[in-house]
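Contents: one structure, followed by commentary.
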Amino acid sequence: MTTILPASDPNSTINRATIAETCGKCHGDKSVMQGSGISNRPFLSYRESVHAKAMARGNTSAAVCTDCHNSHDIQPASNSQSSIAKVNIPATCGKCHRTEASEFVQSVHGQAVTRGVSRAPVCTDCHGIHDIKMPFDQTTATATTAVATDSCAKCHEGVTLTQEFGVASGRVSSYKDSYHGLASQLGSKVVANCASCHGVHNILPSSDPRSMISAKNLPQTCGQCHVGASVNFTNGKIHLTSGLVSEVASHDMGVLGTRIVRWIYLPLIILTIGGMAVHNALIWRKKAAAKRRQERSVVRLSANQRAQHWLLLTSFIVLVLSGFALQYPDSWLAWLLGGSEFLRRIIHRVAAVVMLLVGSYHVLYLALSKEGRLWVKDMLPKLKDIKDLIANFAYYLGVRKLKPKIARFGYAEKAEYWAVVWGTIIMGLTGLMIWFKIAVFSFLPRWWIEIALAIHFYEALLATLAIVVWHFYHVIFDPDVYPVNFAFIDGRVSEESYKEEHELAYEQLKQQAEQEEVKTEEALRPTD
């Protein structure tokens with residue numbers, strides 16, 4: 001038989017140092033709590049809390065289970081008489097935290113709780129319930145960055161308080177747009193957040209003379225960071241919004257001045273930058289047209305190949321825009337598609353079908369046409385490509401005086417071509433798995449779709465960056481082809497350009513031309 005010991009005995013199961021473990025015998029056992037429909041998570045969370053750690057250090061004044069839940073008359077939070085009912089939380093926490101509780105009761109939040117406003121926050125809304133950490137622990141809701149965004153935003157970002165209680169909304173978003181908010185998002189630990197100006201437990205409206213944001217107290221409040229702040233420094237609205245402003249705020253000189261500046265600068269920016277863009281576009285068009293008129297006699301792409309390239313190009317761009325619009329719904333890509341998921345999905349799938357059809361046609365083109373078979377032959381990787389790569393690096397690093405002679409397709413074009421083949425296969429397979437997931441995952445485990453989604457996203461990211469960094473350089477930004485390589489339009493390049501980039505192929509082309517010329521002369525030579 002177990003000997004019952006008094007609570008004062010360190011070996012007692014109800015001694016303050018062992019209360020948590022005693023309660024945890026049931027409340028920490030998952031198998032026991034499952035039957036009751038209650039989670040074992042609260043006990044596990046408490047063990048990581050500031051209270052449990054203080055008790056472990058020997059501070060017997062730290063809160064344990066019975067301090068909040070009572071010993072024998074334990075009631076659920078839904079009971080208005082319970083010590084953990086929302087309305088009673090300040091008094092329960094106040095048993096230990098008297099000063100904080102006293103300030104809270106007098107605050108706008110405490111007064112709202114007293115009036116029975118269920119939406120008003122109490123201690124646990126900001127600090128948590130069981131997993132209570134040190135106030136400025138960076139993993140908590142009371143950390144500097146969290147106070148600036150998450151904690152206060154639960155109530156003060158949105159329209160609920162505005163509709164029901166007339167409390168201005170958009171406070172968190174306007175803070176984020178300010179210097180303080182931007183600095184906080186960049187990781188500053190000293191920049192002002194909500195609590196810096198409004199207080200922590202003693203939050204009062206600006207109309208209350210005790211409030212940190214009352215007119216007479218603002219110089220002192222701002223002076224915590226801005227030493228020497230005067231009345232003039234604090235004169236004006238703090239939470240300026242970029243959209244519509246209230247009737248009251250519209251009379252503030254800061255708001256009016258900001259609005260006037262916006263009215264002046266937005267048209268000015270549009271007219272100035274727009275004029276610059278039109279001016280430069282006219283110059284670019286003229287120079288591009290002149291460059292296109294230059295003699296370009298070497299056929300680089302046939303009409304069939306150009307058609308395939310155009311279909312691939314347009315479908316790829318549409319896939320990138322519509323695909324990343326899903327991954328980044330707040331970006332301009334989503335806005336470009338009207339923010340409609342239905343429209344985005346249709347556009348993405350149509351573009352995907354086009355790309356897959358082009359890919360299928362390309363395989364047939366390579367296999368069945370003479371031109372296609374020659375393409376494959378010239379595109380196959382060779383040992384010379386590795387030698388050319390090394391030699392090119394040596395040339396551009398100044399180690400070698402002469403460039404290597406590149407064939408019809410060099411290592412750069414071969415690498416890009418086979419990357420497109422590989423990427424189309426990967427994107428096609430994973431895309432079809434995602435599209436027809438019900439059929440596919442009738443014989444594959446569900447977790448395969450997560451792998452398919454990951455591959456689809458990262459392959460798309462890789463392909464997009466490769467096009468921007470690699471392909472765009474060679475066809476747009478290379479000084480020898482700028483403003484653009486027109487071969488994708490009419491399939492031709494100049495002899496000079498072809499000789500510069502594909503000298504070996506150029507020599508072969510000239511040799512073939514000379515042989516043809518000799519044959520023609522022989523054919524026309526009169527016979528005896």
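Coordinate-derived values only; no laboratory data. No experiment lies behind these values; they were computed from the predicted model shown. Don't worry about glycine lacking a Cβ; one is built from the backbone with ideal geometry, like all the others, and counts go over all protein chains shown.
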Below 14 angstrom from the Cβ of residue 380, what's the summed charge of the other residues (Lys, Arg +1; Asp, Glu -1)?
+3
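Quick one: 388, 73, fewest Cβ neighbours within 10 Å first, how do they rank?
In order of increasing Cβ crowding within 10 Å: 73, 388.
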For q values of 0.26 Å⁻¹, compute log₁₀ I(q)/I(0) with the Debye formula on a Cα-only model of the stretch 34-97, without solvent.
-1.22
When the helix-only estimate is applied to the chain (DSSP H runs of n ≥ 4, each -39,500 (n - 2.57), divided by the residue count), what is the mean residue ellipticity at 222 nm, nearest 500 deg cm²/dmol?
-17500 deg cm²/dmol
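Once the Cα gyration tensor of the stretch 309-402 is found, what semi-axes does its equivalent ellipsoid get, as square roots of 5 times the eigenvalues, in whole Å, sorted largest first?
Equivalent-ellipsoid dimensions as semi-axes: 38, 24, 8 Å.
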Cβ-based charge dipole, the chain, positive-most Cα from 76, 44, 336
336
Expressed as a whole number of Å, what is the distance separating the alpha-carbon centroids of the stretch 1-79 and the stretch 155-231?
38 Å
Give the cross-link partners of residue 287 among the aspartates and glutamates, using a straight C-alpha distance below 19 Å as the criterion and excluding same-chain residues fewer than 8 apart.
295, 478, 480, 490, 496
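Taking K and R as +1 and D and E as -1, what net charge do the other residues with C-beta under 13 Å from the C-beta of residue 160 add up to? Spell out each step's value before the answer.
Details: positive: 119, 154, 171; negative: 157, 164.
Local charge sum for residue 160: +1.
Placing unit charges on C-beta atoms (Lys and Arg positive, Asp and Glu negative, everything else neutral), compute the dipole magnitude of the chain about its Cα centre in debye, rounded to 20.
200 debye
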Descending Cα extents along the principal axes, the stretch 403-496, whole Å:
58, 24, 23
Would you order 472, 486 from fewest to most other beta-carbon atoms within 10 Å of each residue's own beta-carbon?
472, 486
Taking only the alpha-carbon positions of the stretch 45-190 as identical scatterers, the Debye log10 I(q)/I(0) at q = 0.18, 0.19 Å⁻¹ comes out as -1.19, -1.26
Using only alpha carbon pairs under 8 Å that are at least six residues apart, calculate the relative contact order of the chain and give it in whole percent.
8 percent
Report the one residue of 221, 11, 436 whose Cα lies farthest in the direction of the positive end of the charge dipole of the chain (charges on C-beta: Lys and Arg +1, Asp and Glu -1; origin at the Cα centre).
221
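Summing +1 for each Lys or Arg and -1 for each Asp or Glu, what net charge is found among the other residues whose Cβ lies under 13 Å from the Cβ of residue 202? Walk me through the intermediate numbers first.
Working: positive: 210; negative: 100, 103, 208.
Within the 13 Å Cβ shell, the charges total -2.
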Take the alpha-carbon centre of the stretch 285-308, take the same for the stretch 330-408, and report the distance between them in whole Å.
19 Å
Need the list of aspartates and glutamates near residue 53 for cross-linking: C-alpha distance under 19 angstrom, and skip anything on the same chain fewer than eight residues off.
21, 67, 131, 137
Stokes-Einstein D for the chain, Kirkwood Rh over Cα pairs, 37 °C, 0.692 mPa s (µm²/s)
104 µm²/s
Need one number: the % of Cα-Cα pairs in the stretch 377-433 sitting beyond the 12 Å mark.
69 percent
In whole Å, largest first, what are the principal axis extents of the Cα atoms in the stretch 135-240?
34, 34, 25
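Based on other C-beta atoms within 10 Å, arrange 114, 258 from fewest to most.
Details: 114 12, 258 17.
Placing the least packed residue first, the sequence is 114, 258.
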Too long for a 19 Å Cα-Cα cut-off, among 405/499; 291/401; 401/510; 384/414; 86/154, are 291/401; 401/510
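Please give the per residue volume of the convex hull enclosing the alpha carbon atoms of the stretch 297-517, rounded to a whole number of Å³.
170 Å³
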Kyte-Doolittle mean at least 0.5 and Cα axial length at least 27 Å: DSSP H helices in the chain:
253-293, 303-327, 341-368, 411-435, 447-466
